[in-house]
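Everything below concerns the one structure shown next.
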Amino acid sequence: GALAGFAEGAQRIAAARGSLNAIASDFTAKVNAVQAQGRDLNGTAGAPLFATGATPTDIAVSLTDPRGIAAAGPTGGARDASNLAALQTARSSNGFEARTTNLIAGNAAALEQRKVVADAQGAIRDGAVSSLASASGVDLDSEAVDLLRFQQAYQASSRVIQTARDTLQTILDLR
């Protein structure tokens, strides 16, 4: 059971990682493509905004000069913002945010399902333990209470015997 759970968890993590890598790759490629189509304040083609590392989710901002943002379209002037509109269109039409939300919601739903199953299995286990205890006739709580009661009775009896012994000794000493 536990090994199967670990295996299923590993598969789910690998699938989520693959989906996240695809979203990150698509995002950086699309943003860099839109950036390359535009012109910056100097009139040159836009340099890539993002650079990726060893994995697609290892994203770094590669453009450090704000003058390098290619806001203008390929034929626009310095005050043209048509490439920014193209960036907004790419953001909404490619569904990066929706895909990310769906990935997170899907993982959250699967986690909640596993939690419900775990709670149900815990209740089943608790019921089985209770049934076993009632079938065996031994209730550890009542046995502990009885043990304490008998211990207190023994201590009280011991005091009564000690008091009787002391009284008898006192009587014998009076003669």
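The values are calculated or read from the model by the stated rules, or taken from the named source; none is laboratory data. Note that the structure is a prediction, hence the values are computed from the model and not measured. Here the Cβ positions follow ideal geometry from the backbone for every residue, glycine too, while neighbour counts run over all protein chains shown. Note: accessible area is taken over every heavy atom of the protein model, side chains too, but ligands, DNA and RNA are not part of it. Shrake-Rupley method; radii C 1.70, N 1.55, O 1.52, S 1.80 Å.
Computed quantities for the displayed model
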quantity	calculated
Leu49, Leu111, Leu41, Leu87, ranked by accessible area, largest first (probe 1.4 Å)	Leu111, Leu41, Leu87, Leu49
Charge dipole magnitude, Cβ of K and R +1, D and E -1 - the chain, Cα centre, debye nearest 20	420
Value of relative contact order over region 31-170, rounded to a whole percent, pairs C-alpha under 8 Å and six or more apart	15
Charge dipole of the chain about the Cα centre (unit charges at C-beta), most positive-ward option of Ser134, Gln88, Thr52	Gln88
Where region 12-84 is the region considered: accessible area per residue in Å², 1.4 Å probe	59
Under 5 Å, built H, 5+ apart or other chain: amide partners of Ala72	Arg39, Asn83
Normalised per residue, the volume of the convex hull around the Cα set of region 1-157 (Å³)	205
Sites Ala4 and Ser136, calculated FRET efficiency, Cβ-Cβ separation with R0 25 Å, nearest 0.05	0.20
With Cα atoms, 0 to 90° folded angle of helix 96-136 axis to the chain main axis	10
Which of Ile13, Ile23 is most accessible, then next, and so on - probe 1.4 Å	Ile13, Ile23
Solvent exposure ordering (accessible area, 1.4 Å, most first) of Lys115, Lys30	Lys115, Lys30
Accessible carbon and sulfur surface of the chain relative to its total accessible area, %, 1.4 Å	62
